[in-house]
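Comments concern the structure below.
The values are calculated or read from the model by the stated rules, or taken from the named source; none is laboratory data. Everything numeric here is computed off the predicted structure, so don't read it as measured data. A quick note on method: Cβ atoms are made from the backbone with ideal geometry, for glycine too, and the neighbour counts reach across all protein chains shown.
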Amino acid sequence: MTVKISGGTKEQGIVVGNVYDKYGSCNPLVRWIMRGFASALDELVAEASPASIHEVGCGEGYWTLRWNEQGINAKGSDFSHQVIQIAQENAAQRGLPPSIFEVCSIYELERRRDSADLVVCCEILEHLERPELALQTLQQVAGRHLIVSVPREPLWRLLNMARGKYLSDWGNTPGHVQHWSKTGFVRLVVKYFEVVEVKNPIPWTMLLCRPYR
């Protein structure tokens, strides 16, 4: 599935959406990496078996669109007006209602309005100045499960450099302000959620979690 991407657009000084079209890349390494990510995410979504999904930080909407096309009731939100407009265009092109995408900051999520059986927040926390506040907010809207992923460092930067990207910044993707090893990320998340399963699709750490009750 191909989608229109932002291509590195900035909003409020923050890079929004995808700088690089990793979903439509012809690079064999990128394609192999993305197959691993998709496989891990699909397995965790199947394990959670959700009645509804809210993708927080949905960007251009790739996963939310995919879940809707699979028959799952899924919606997406992102702080960026520009990237949500792209997501809505992507939805309309597939005959899906643009209203499945809404503008909302992760810090402004509300239980009554934004909760879902499964909340997915992939490749978002590394962009945030206040990741712990974001996790506290996710506690309020995750019904039965949360899936969260971040780049696994330093492997992420090394692989970027291996494909000749962002060499002047030692492989750091534009907009990444947080950097976690697998151990460090699990240590952070268990403050707020019970970690049910850990997957390691190269080069990410991906967790299936349950809210503490």
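Being surrounded by 15 or more Cβ atoms within 10 Å (Cβ to Cβ), within 21 Å of LEU128 (Cα to Cα) and aromatic (Phe, Trp, Tyr) narrows it down to one of TRP67, TRP63, so name that one.
Just one listed residue meets the conditions, TRP63.
Which residues, taken from segment 169-185, are of a type in the set (Ser, Thr, Tyr) and at pLDDT 90 or above?
SER181, THR183
Give me the residue from segment 48-59 that is assigned to a loop (DSSP other than H, G, I, E, B) and modelled with pLDDT of 95 or more and, out of that set, farthest from PHE101 (Cα to Cα).
Looking at the filtered set, the residue picked out is SER49.
Has segment 160-171 got any residue that is assigned to a strand (DSSP E or B) and either at positive phi or surrounded by 20 or more Cβ atoms within 10 Å (Cβ to Cβ) (or both)?
No: zero hits.
Just for segment 85-122: of the residues that are of a type in the set (Asp, Glu) and assigned to a helix (DSSP H, G or I), which one is surrounded by the most Cβ atoms within 10 Å (Cβ to Cβ)?
ASP114
Being in contact (Cβ under 8 Å) with a residue 12 or more places away in the chain and hydroxyl-bearing (Ser, Thr, Tyr) is the filter here, so list the residues in segment 166-186 that pass it.
THR173, SER181
Can you tell me how many residues within segment 74-106 are within 25 Å of ALA134 (Cα to Cα) and without any contact (Cβ under 8 Å) to a residue 12 or more places away in the chain?
Residues in segment 74-106 being within 25 Å of ALA134 (Cα to Cα) and without any contact (Cβ under 8 Å) to a residue 12 or more places away in the chain: 2 in total.
Out of all the residues in segment 20-77, which are of a type in the set (D, E, K, R) and more than 23 Å from ARG210 (Cβ to Cβ)?
ASP21, LYS22, ARG31, ARG35, GLU60, ARG66, GLU69
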